[in-house]
Amino acid sequence: MEGIKVRSNEEFRRELQYTEVLSKMPLITVEKIAESEPVPFQAGGKMPLDGIRALGMGHVIAGAAIGRDLAFYGADVLNIWRPNDTEVEGFYWDAQVGMRSTVLGSSKEDRARFDILLRDADVFFANKRPGFLKSHGMDAEELCAKKPGLIHATVVLHGEKGPWSNRPGFDEIAATVSGLFAVEGSLTNPKQPPIVPICDNIVGWLGTIGVLSAIRRRAIEGGSYRVVVSLTRTVLWQLSLGILDKAYAIETAGSTDAHTNIPPDVFTADTPLGTYQGLDEQAYLAKSPGSFRTVLVPRGSSKPEWLQAR
């Protein structure tokens, strides 16, 4: 369990992690880190990301949501679990939709299987604890050196640099340190906003936008790319959009049809885990149709190999 101090937004903006890192950090970092030949999109593809292969280590929501998004638009997404990994079932049923699922450990044999998958991967995405990717030879520099043209996407908490860069955490920690819990309640009586997750899903969408931007650039100019999105940076952006007057919000919410939450769209599908009903995509792009080739599979049930191109 991670413990953190509740801060006001004003207090947080005096912290070195804000003044030296987050205040200068783009909402979505897309950085070309090496040169390689252009990789055009698949000719005649029926889906926007037909032919794209994404290798992930995404769990909970923010990282896994990147894989779900890529799968929805046609990518073959294979998510890797470590042998001793665990997951909250509710998160798995939501964020792992669209992805196949395999298990690879730290043995030489499993690392060899990972490297074989990497050879044909276009994207690698992860949301692991600080230091995990580097200690396992999976940071952007190492993987892009092994596979030129790779797009390496990571979700971090407070940023990759600065005095807080080694701190692990999740959605609510980003919101607490940046002042959102104090806004919802007070410094002495902080409160969680009524709608959760606070930033996880948004971070996933922002990460996907970064990956798509890098794929497009790679098709034109080539190159390997680093994509980084931060939970705390995203909450700061959310706060910058403005805060409703609390009394007005309490009085108005649910008072009329116009101020009542609309039930989300859902979809139903037959899966190896039984009949599945989950949240559908809440926005469809007319010129970019999407659907899931795989809806939901048992964790670790897929072979560590890519599907045949369709």
*Are any residues in the stretch 276-305 among the β-branched types (Val, Ile, Thr) and in contact with a Gly (Cβ under 9 Å, 6 or more places away or on another chain), and if so, which ones?*
Thr294, Val295
*Would you please name the residue that is nearest to the chain's Cα centre (by Cα), looking only at residues in the stretch 269-301 that are modelled with pLDDT under 85 and in a loop (DSSP other than H, G, I, E, B)?*
Glu281
*Of all residues in the stretch 112-165, which are at negative phi, assigned to a loop (DSSP other than H, G, I, E, B) and not charged (D, E, K, R)?*
Ala121, Asn127, Pro130, His136, Met138, Pro148, Leu150, Leu157, His158, Pro163, Trp164, Ser165
*Neighbours by Cβ (under 6 Å, 6+ apart or cross-chain): first from the stretch 21-43, closer than 16 Å to Thr154 by Cβ and of a type outside the set (Gly, Ala, Ser); second exposed (fewer than 15 other Cβ atoms within 10 Å of the Cβ) and at pLDDT below 95*: none
*Just give me the residues in the stretch 187-235 being crowded, with 17+ Cβ neighbours inside 10 Å, charged (D, E, K, R) and out of contact with any His (no Cβ under 9 Å at 6 or more places or on another chain), in sequence order.*
Asp200, Arg218
*Within the stretch 274-289, is even one residue of a type in the set (S, T, N, Q) and surrounded by 14 or more Cβ atoms within 10 Å (Cβ to Cβ)?*
no
*In the stretch 236-254, what residues are small (Gly, Ala, Ser), in a loop (DSSP other than H, G, I, E, B) and either surrounded by 10 or more Cβ atoms within 10 Å (Cβ to Cβ) or touching a residue at least 12 places away in the same chain (Cβ under 8 Å) (or both)?*
Ala253, Gly254
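The values are calculated or read from the model by the stated rules, or taken from the named source; none is laboratory data. The shown structure was predicted, so the numbers you read here are calculated from the model rather than taken from an experiment. Note that we place each Cβ from the backbone using ideal geometry, even for glycine, and neighbour counts take in every protein chain shown.
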